[in-house]
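One structure is given below, encoded as structure tokens.
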Amino acid sequence: MSVTSDRVVLVLGGAGTVGSGIVKALLDKGFQVAVISRDESRLEKLKQFLPPSAGSRLHTLVGDVGSEDGAEAAKGDLLKRTGKVTDVVSSLGFSWWQGGPPHTQSLQELHRVLDTLLLSTFTAWKAFFPLVKDNPNGSYTFITGGAGERLLMPGTGFLTLGAAGALAFALMVRQEYPEVPCKLNEVKINMGVTTPERLGPGYVSHLEVGEAVASLVQKRAVSHKVLSANSPADLKTLALEGRI
Ligand SMILES: NC(=O)c1ccc[n+]([C@@H]2O[C@H](COP(=O)([O-])OP(=O)(O)OC[C@H]3O[C@@H](n4cnc5c(N)ncnc54)[C@H](OP(=O)(O)O)[C@@H]3O)[C@@H](O)[C@H]2O)c1
């Protein structure tokens, strides 16, 4: 069995709120971690947040995985740097959208929301899934949210549409590829995720989420199962047990 330093985990959306917690926890466990962002300054901010010891095990590059060409280009750049990707965590999207009820919105805005939450999940998956698909020690983990199952509050309708698309995408992939050797996981987070200094009721720290997800990747213990985290206690349980 390979040690974690031999595994290269690509965290899509790794410069984001959820993704940065996952990146930190994976680095803490000794993995090599790769992050692609459209924005160099977000990568710099991520580096400031991480301990200097992450150093050579962190691979950052600027790229846009939201189109097929962009994702392929980012894949080429990444493979030149790392030579391989063994695991992928897909945490693309945005934290929140509350633009108002649907009749006040434009088609262009709906396109933007779907591009960010659903279509980038597809274009990135199309490029990176082939790298891990046939690896029995590999994994592809989708981060999804409860926003896809219900309207969280008035005015968040487009968020529901985008998040529902991402949820369905993760479900669809598991059903379309039931026998694929790599582990196909979904971690559905049914609460808000934020940084420790902004924690409040209904929120969990991105560090706790990161620990739970990194633990699952490390243990390669989940296969074709949905993990639904409802509370910080649930997340801790997932992290400790690495189930299922
Ligand atoms: N935050 C929460 O409360 C919460 C709760 C439950 C579930 N979730 C789910 O977690 C996921 C991530 O949310 P978040 O809060 O971490 O959002 P976030 O802070 O906005 O981060 C999202 C990341 O996605 C990346 N991204 C989007 N489109 C991209 C593209 N075309 N190419 C490259 N990167 C792209 C962004 O990268 P750039 O650096 O390029 O901007 C950004 O770093 C979402 O699916 C969300 O539904 C979040």
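Nothing in this text is a laboratory measurement; each read-out follows from the coordinates by a stated rule. This structure is a prediction, so every number in the text was calculated from the model and none was measured. Cβ: placed from backbone, ideal geometry, glycine included. Neighbour counts: every protein chain shown.
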Query raised in the report: Taking the mean number of other Cβ atoms within 10 Å as a proxy for protection, how do you rank 58-69, 156-167, 94-105 from highest to lowest?
Result: 156-167, 58-69, 94-105
Query raised in the report: Do any trypsin sites (Lys or Arg not before Pro) in the range 143-244 lie in a loop, going by DSSP, with at most 12 other beta-carbon atoms within 10 Å of their beta carbon, and if so which?
Result: R150
Requested in this report: On a 0 to 90° scale, report how tilted helix 120-132 is relative to the longest principal axis of the chain, with both axes built from alpha carbons and the result rounded to the nearest 10.
Outcome: 20
Report summary line: If one builds a Gaussian network model of the chain from Cα atoms under 10 Å apart, the most fluctuating residue listed among L184, L131, L92 is L131
Query raised in the report: On a 0 to 90 degree scale, rounded to 10, what angle separates helix 40-49 from the longest Cα axis of the chain?
Result: 70
Query raised in the report: Which of A127, A73, A25 moves most in a GNM of the chain, Cα contacts under 10 Å?
Result: A73
Query - Share of Cα-Cα pairs in the chain lying beyond 35 Å, as whole percent - result: 7
**Report entry** For the range 110-143 versus the range 1-77, the gap between their alpha-carbon centres in whole angstrom
**Finding:** 15
Query raised in the report: Arranged by the count of other C-beta atoms within 10 angstrom, fewest first, what order do S228, S56, S205, S120 take?
Result: S56, S228, S205, S120
Query raised in the report: So what's the convex hull volume per residue for the Cα atoms of the range 60-118, in Å³?
Result: 101
Query raised in the report: Based on Cα positions only, what radius of gyration and what Dmax would you give for the range 115-244, in angstroms?
Result: 14.9, 44
Report summary line: Cβ density ranking, 10 Å radius, fewest first, applied to E211, E176 yields E176, E211
**Report entry** Rounded tilt (10° steps) of 206-219 against the dominant C-alpha axis of the chain
**Finding:** 50
Query raised in the report: Summing -39500 (n - 2.57) over the DSSP H runs of n ≥ 4 in the chain and dividing by its residue number, what mean residue ellipticity at 222 nm do you reach, to the nearest 500 deg cm²/dmol?
Result: -13000 deg cm²/dmol
Query - Contact order normalised by residue count of the range 11-135, Cα under 8 Å, 6+ apart, percent - result: 27
Query raised in the report: Which values of log₁₀ I(q)/I(0), to two decimal places, follow from the Debye formula for the range 1-97 at q = 0.10, 0.12, 0.19 Å⁻¹ with a uniform point scatterer at every Cα?
Result: -0.23, -0.34, -0.86
**Report entry** Overall dimensions of the range 172-232 by Cα: Rg and Dmax, Å
**Finding:** 13.7, 42
Query raised in the report: What relative contact order, as a whole-number percentage, does the chain give when Cα pairs under 8 Å and 6 or more residues apart are counted?
Result: 20
